[in-house]
Structure formats: structure tokens, C-alpha cells
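The structure appears right after this line, and notes come after that.
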Protein chains: 2
Amino acid sequence: MRLGIDIGGTKTDAVALDATGRVVERVRMATGFGPDAVVEVACAVADRLAAALGDAVHPFDAVGVGVPGLVEPGTGRVQHAVNLGVSDLPLADLLSVRLGVAVTVENDVNAAALGAYHLLGEERSMGFLNLGTGLAAGIVVGGRLWRGARGAAGELGHLPVDPRGARCACGQVGCIETLASGSAVARMWPTSAELPAVDLFDRAERGEREAVEVRDRLADGVAAAVRALMLTADVDTVAIGGGLSNLGERLHREVAAALQRSAAHSAFLASLELPTRVRLVPPGTAIAAVGAALATDTEETVH
Amino acid sequence: MRLGIDIGGTKTDAVALDATGRVVERVRMATGFGPDAVVEVACAVADRLAAALGDAVHPFDAVGVGVPGLVEPGTGRVQHAVNLGVSDLPLADLLSVRLGVAVTVENDVNAAALGAYHLLGEERSMGFLNLGTGLAAGIVVGGRLWRGARGAAGELGHLPVDPRGARCACGQVGCIETLASGSAVARMWPTSAELPAVDLFDRAERGEREAVEVRDRLADGVAAAVRALMLTADVDTVAIGGGLSNLGERLHREVAAALQRSAAHSAFLASLELPTRVRLVPPGTAIAAVGAALATDTEETVH
């Protein structure tokens, strides 16, 4: 039995995977803030999962953890996980001692990419676009993560696509992230609505002109990210996940429309059939936790 | 002994490689136009190489050919090789019968990528940017070509980076190719000089303001292509080849400067140390012919 834990900024999501990779149990808890609380909550979800499975002791042969931060390859040391209140934490070592089993730590977007690949049944290559506060991608080939030379694979949110665009948090101008991310929605669609992206799509679907423009700009940004993946790595499919993917089919439809628009004057682009190669991660799916569990198999990563 | 033939728009370049991958002989001839002439010249360079090696019969166990066109995977059928006057030609089959040995046909940019990887001594991953009439890239990982799902890997010349840019031959607007290619130089720097790019760099180095602007735009375009490779696939190094790379260190220096400019306000980009990861293919090197010979090893390709 494998345990996968996704430690998010607000929730910690954990799953138990059987030998075939099937989710047999799932629990969620509020994430603790700061290094000690992060470790305690991770141990608590492990205890709860074991109890839910009817085991007095942990039945886990391997534990994988996904975190939103930089993870040192090999050691599982976590750095700059700002949302968790963690600046530098030997998370793999600490959890390994507490849980009595080997622990693998993985960046959360990479973990989600592995999980999406597994859950969507892709068998060749997949790019996973994480539309969260920021925009980043993970690439999985033949079931294994493609990390790149410096762990920067999939950082396509910071490819500039408009010299007259907005200043990006990274310091550049007009990055794809300034169009296609939660922070981009917050900037482009200031509102007191609790869910700004839902408000944006509601109003656009009611025909409000300004909302249609902003929604299209968002969709064009996601399409730019899809093209970056397809015209560089040429993955078989691109899966869209992250917070904004909770918009579901409404988002999927607009992204497909944006890809169609961009191919309207280009036979070359049209021949790649990009709209048909984009898939949506079903909202509510535990892809990051599942991927974290899968990342415990060292064969799942390359480079 | 392996034979590699690069059939270019004007010259056909051929090398004999020994078992260690070393070039032991090289010959060049003018390329013939049209299907029959293309096949005849390929056979002629094989004869000349055999003669230069002192062999009455062909000493080649395997033959690889690089062509500027679409190559059907598996069959080595060539389509849309406009510069060769070839619309549809079963090149691998025809040459195999004529030369009496298995023939592998590869797209020329992919062949050059393999050759650059080999000749520059890269051992992990490399993106090869071909600055020819157009702009395309090849990606090599652990000595094997990364083709992608539909043979579109490395087509990053057609990623748009400026909504107010020039119309691209592909039909889109503001593609990287409209900034960083021979056709981009022809459009941005109209001149009667025999070598427009050399004229451009000469004048820019003499301080002519308009030339400096156009040269910087070209270098910024190459930098955009480097970023696309680095922030998506995160290859270890990017090698710059193709016709414009004959500018040599003058080009290399400006591309490094452009990468430096783009990282000036971005600690994230600066941390990736892109300028130090760009290399120039030494002008005159037979990378495409060498790569074509290497492509005869089926282990050299993936996906």
C-alpha cells in the first residue's frame, strides 16, 4: 500500500493507493502553517488513513508528498514554500523518521502531472498545465516525470508573449502567467465576488462585453501555454488542472475556441489539431496526492 | 563504416563515419533538383566517398540521409521538400535498392540536432536551433532524438511572441520566426549586399543606429527561442546552427547579450544562467551529415 499526501496552501489531501494504483481511501485536513505544523498534519493524515483502513499500524510501504515549493532533488529538502510558512525544511528526512518508512518529496505541480497522467489514462506523453495562482506545467513521458536540467521544465508561465503586456511577478513583461492564472484573473477582473473567475464566466455568458473580452484574453493565454507545450515538446495531450480548472467544461470550451481562433489563418497550426488534444482534469480529483504516491516509484522520474 | 548524406537546397554533403563515430572522409557536390537528380547525386556522393576510401565496392553497413522536408516515420518517404523539387518520393526505398544496404531518412533539422549533440560532446540533453530560412529546433536527450507525438517537437519558430508583429509564413502573427531567421533578416534588413546578415552585423558594429536596432531584434528573437526551449523542456544546453550561425562569435555574443537583457529584471530568469548554456556550432562543421549517419542507429530515436 502506498500513501500520497498533497500539502496545499489551505488543505492537506491524502490517499492510500493499492498495488494496482487504485485509490482505496482518501482523507483531507486543514494544512498547518509553519514547519512543525506541516509535519504534524502530514503525520495526522497518515494516522487517519491507517485507521480508516482498519489498521492499528501504518500499512504503507512507501510515502510520497507533494509540496508547493522548491524541492532539492535526491534529499527531499523543501525550500521557499511560502504558502506553507516554510523557508527551509528537511521534510523527507523528518517524515521518514516519524512514519518509519522511506518518504519521497516532490513539487506539487510535478506530482499533479504524474497523477493526471495516471488518472486520465494517458500512455505516451502529457503536459499538465496547472492554472493556480501562478501558471506552471509538468511533463510526463511514458509514465515518468520530465524534470529538465535545472528543474525548470514546464516553467512556461514565464515565457513572454506580449512586449506591451503587464509586468509579471517574475520581473519580465507580458509573460503567459499575466494572462492565464488566478493572479491574472484577479488583476484583469477586479470584483468583490467570492469566486472572481466564476463571476467572470457568468457575466461573459450573459453577454457582458467587458467580461467577454477578459475571458477571451484568459482563454488566449491558456491557448498560448498549450501551444508552447505542443510546439516545443509536442506531447500527445495537454491536461488542464489547478484552481481555475474547477470552472470545468466552461473553461475547456473557451480554451478550445481560443486554439481554434489561433489556427484560423494557419494551416500548419490547424494540422496539429490542438483543440482535440486538450483535456480537463475532472474537478475534485485527487491528482496531486495520487501523483505524490506514484512518485515514490523512482522509475517514475527521469533526468 | 556508416555513410551520412545531408541533401541541402544547394549542396549535398556526405561523410563516412568509422565505428567510433569519427569522420574519416567527407565530400560535397551540388544538389540536383527534382526526384531523379536528388537520388543520382546521393548515389554519386556514396561512390565518391567509397573511392576516396580506396574501396571499389561500398564499405557502408548503414546509410542515413537528411532532407529538408516532411519524412514519414518508419518508411523514409519524403514529402513537401520544396527546395529539392520533391513533392512525394520513397527516398529510403529507392536509395536502399541502389546502394544495396538499409537506408534511414531523417528530417534535416533533426539530423543536424543529432550531429551537433555528438560533435559538441553533449551527454545529457540539447536543443538545437536551426537558424535557416525559417526557424526550427531539434531536441536530443541522452543521444536520442525527441520527436514528439506528431513530429512537431521543436517547431517553436511558430510560437507567437508579439501580437503586433509581422505576419508569418505559417499564417499567424508575430511568430519567433518573423524575428530570428534568414527570411526575417531579408524582411527587416532589405539590402543588395550578397550576405544581408553579414552586412547587418558589419553596419551595427560600426554603430549605425538602424542596423543596431534590427540586429538587436534578431538577437532578441533568438533569445526568445532559447527561452522557449529552456522554460519548456529545460535542456542542458542550446546549440545554435543553420545558415545564420556562420556569423560565428558575432552572433553568439549578441544572443548572450539579449538573454542577459531579458534577465535584467528577473531574478528567476537570471538564476537559470541561460547565456552560459548557449553554444555555437562551429561554422563549416558537417553536423547534418554526421547526424544522418548516426540516425541509422534506431536507438538514436525515441517516441
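The values are calculated or read from the model by the stated rules, or taken from the named source; none is laboratory data. All figures in this text were calculated on a predicted structure; none of them were measured in a lab. Note: ideal-geometry Cβ built from the backbone for every residue, glycine included; neighbour counts use all protein chains shown. Calculation scope for accessible area: heavy atoms of the full protein, side chains included, ligands and nucleic acids excluded. Shrake-Rupley method; radii C 1.70, N 1.55, O 1.52, S 1.80 Å.
May I ask you to derive the FRET efficiency for B:Ser192 and A:Val198 from their Cβ-Cβ distance with R0 = 45 Å, giving the value to the nearest 0.05? My answer for the efficiency is 0.15.
With an a/c value of 1.5 or above and a/b not larger than b/c for the gyration tensor axes a ≥ b ≥ c computed over the alpha-carbon atoms, region B:61-163 is described as oblate.
Neighbouring Cβ atoms from other chains, within 10 Å of the Cβ of residues in B:157-163, number 6 on average. Before anything else, pin down the relative contact order of region B:84-144: Cα pairs under 8 Å, at least 6 apart, normalised by residue count, whole percent. Result for region B:84-144 is 27 percent.
Here chain A exposes an accessible surface that is 51 percent carbon and sulfur, computed with a 1.4 Å probe and the other protein chains kept in place. Its DSSP H runs of at least 4 residues, each contributing -39,500 (n - 2.57), put the calculated 222 nm mean residue ellipticity of chain A at -11000 deg cm²/dmol, to the nearest 500. Residues A:Asp13, A:Asp297 ordered from highest to lowest accessible area at a 1.4 Å probe: A:Asp297, A:Asp13. Expressed to the nearest 5 percent, the antiparallel share of DSSP beta bridges inside the protein assembly as shown is 60 percent. Amide H contacts for A:Cys175 (H built 1.01 Å from N in the peptide plane; partners 5 or more residues away or on another chain; cut-off under 5 Å): A:Val161, A:Cys168. Under the criterion of Cα pairs below 8 Å and six or more residues apart, the relative contact order for region A:178-280 equals 27 percent.
Helix B:209-232 versus the longest principal axis of chain B: what is the Cα-based angle in degrees, 0 to 90, to the nearest 10? Its long axis makes an angle of about 60 degrees.
For chain A, the solvent-accessible area of protein heavy atoms averages 40 Å² per residue (probe radius 1.4 Å; ligands and nucleic acids excluded).
Put the Cα centre of region A:34-98 next to the Cα centre of region B:215-274 and the gap is 39 Å. With a Förster radius of 41 Å applied to the C-beta separation of B:Thr20 and B:Phe268, the computed FRET efficiency comes to 0.50. Calculate how steeply helix B:249-262 sits against the longest principal axis of the alpha-carbon atoms of chain B, using the helix alpha-carbon long axis, and give the answer as 0 to 90 degrees to the nearest 10. So the inclination is approximately 50 degrees. Highest average first, the peptides B:144-150, A:264-270, A:129-135 ordered by how many other beta carbon atoms sit within 10 Å of their residues are A:129-135, B:144-150, A:264-270.
Accessible area of A:Thr104 (1.4 Å probe, protein heavy atoms only, ligands and nucleic acids ignored): about 40 Å².
On association of chains B and A, roughly 3500 Å² of accessible area becomes buried (total for both chains; probe 1.4 Å). Between the helical axis of A:108-119 and the longest alpha-carbon principal axis of chain A there is an angle of about 90 degrees.
Its relative contact order, with pairs defined as Cα atoms under 8 Å and 6+ residues apart, puts chain B at 20 percent.
Quick one: work out the % antiparallel among DSSP beta bridges in region B:109-267, nearest 5. Among the beta bridges of region B:109-267, antiparallel pairing accounts for roughly 70 percent.
Using every Cα-Cα pair within chain A, state what percent have a distance larger than 26 Å. Pairs farther apart than 26 Å: 45 percent. Per residue of B:136-142, other chain Cβ atoms within 10 Å of the residue Cβ number 2 on average.
Per residue of B:256-267, other chain Cβ atoms within 10 Å of the residue Cβ number 2 on average. By DSSP, the beta bridges lying fully in chain B are antiparallel in about 60 percent of cases.
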